[in-house]
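Please treat every number below as a calculation from the coordinates, not as lab data. Owing to the predicted nature of the structure, the values given are computational and were not obtained by experimental measurement. As a convention, Cβ positions derive from the backbone with ideal geometry for all residues, glycine included, and neighbour counts pool all protein chains shown.
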Amino acid sequence: MTITHPVGFRAAGVPAGLKSTGAKDVALVVNDGPRHDSASVFTANRCKANPILWSQEVVKDGVVRAVVLNSGGANCYTGADGFQTTHSVAERVAERVGVGAVDVVVCSTGLIGLANSRDDLLAGVDAAHAALSDSGGDDAAHAIMTTDSVSKQAVVEGAGWRIGGMAKGAGMLAPALATMLVVITTDAVVPAAELDGALRAATRVSFDRLDSDGCMSTNDTVTVMASGASGITPSLPDFTEALTQLCIDLAMQLLRDAEGADHEIAITTVNAASEDDAVEVGRSVARSNLFKAAVFGKDPNWGRVLASMGTTQAVFDPADLDVAMNGVWVCRQSTPAEDPTRVDLAPREVTVTIDLKSGTERATVWTNDLTHAYVHENSASSS
């Protein structure tokens, strides 16, 4: 059960010839209403793809009737012709669905600098529209995959309403979203302004805390659409909690499928002066290739944790820091403590706990180890 589990949505995923493998590569998700409230967040990368430039304008009025997505090419830095391709795709969706192009979000994913075939995309839109169904969510989730090994889908049940979501992403997973496309649907009645607040609150503690490889994508998009078909208006806190649960679920699926990864690492910073400090410290460790390589080699090298922390502006005493790995406090007061050989890094899941002793705030940042497989996968072109 996925994006078509909430009432009021149809979806499809079809092959359009963008991928050399012949796999599905065009997805379409349509909100049949009765309401069409929407909210979106996009990559913070200043170098944005053509679909982002288009969709940022589309979402300003809080109304989105359809989302069209393609894998097999990012349509990023493909010039004016690439932007026209995005525009043409939106117009074709609008024509087929019977809405305005200004209510169609367009998303693309794949190699930067690769021009997608406009004819293939338009034919894909036609095929996807013909295949739309209220059980088409799984096909749509498969159509947006690039280097993903599995599709990412999730559902959260509310009190008479529901939320569904699909995501793609396996590389370029970094803060300010990840390398991903995410479409979320709900049949709850949630006005656009409230959707926007709930979405930003949810992404702040989920996708924005995912930092697999420190690389920020040009195409990240998270769009939520609310059909209101359940007729139920949940409280904003209840809806935000459910949306956050769904986003964390999808983010963890992205983490587990990260390119070439052998470990999923949760870095939790506690007793920080501010949440921002906790995030900054966790992110500094998550981006340390030395630390990530150590985890790959099953070496509990806590010195690399402290070295990374020292590059931040967070409030702490460098001479009084505690670090635990998988529950073993290998460092206390910035000196060796428990025996590091007690740390078992054989399992995929690794926890790092950092105590700053500077306040009461905390945050978790998630990352992966740095492996031979990651280097191999990213040393050759692939869409």
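At a glance:
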{"read-out": "Peptide ranges 281-288, 133-140 listed from the most packed, as the mean C-beta count within 10 angstrom indicates", "value": "281-288, 133-140"}
{"read-out": "Efficiency of FRET from Cβ geometry, residue 238 and residue 338, R₀ 25 Å, rounded to 0.05", "value": "0.05"}
{"read-out": "Ascending count of other beta-carbon atoms within 10 Å, so fewest first, for 222, 189", "value": "189, 222"}
{"read-out": "Neighbour-count order for 117, 235, fewest beta carbons within 10 angstrom listed first", "value": "235, 117"}
{"read-out": "Long-range tail of P(r) for the stretch 264-377 (Cα pairs > 16 Å, %)", "value": "54"}
{"read-out": "Surface/4 of the Cα convex hull for the chain, nm²", "value": "17.9"}
{"read-out": "Extension reserve of the residue 215-residue 293 stretch, reckoned as 0.36 nm per residue once the Cα distance is removed", "value": "26.4 nm"}
{"read-out": "Residues 216, 325, 252, sorted so that the one with the fewest Cβ neighbours within 10 Å comes first", "value": "252, 216, 325"}
{"read-out": "Fully extended contour minus Cα-Cα distance, from residue 53 to residue 274, at 0.36 nm per residue", "value": "76.2 nm"}
{"read-out": "Gap separating the Cα centres of the stretch 20-81 and the stretch 264-290, nearest whole Å", "value": "31"}
{"read-out": "Helix-only [θ]222 nm of the chain, DSSP H runs n ≥ 4, -39500 (n - 2.57) each, per residue, nearest 500", "value": "-9500 deg cm²/dmol"}
{"read-out": "Spin-label model distance (nm) - residue 21 vs residue 326, 7 Å beyond Cα toward Cβ", "value": "3.2"}
{"read-out": "Lysines with Cα under 23 Å of residue 48, excluding same-chain neighbours fewer than 8 positions away", "value": "19, 60, 168"}
{"read-out": "Using θ = phi - 60° and Karplus 6.51 cos²θ - 1.76 cosθ + 1.60, couplings along the stretch 109-121 (whole Hz; Gly, Pro as x)", "value": "8, x, 6, 6, x, 9, 7, 6, 5, 4, 4, 5, 5"}
{"read-out": "Alpha-carbon centroid distance for the pair the stretch 297-326 / the stretch 82-145, whole angstrom", "value": "46"}
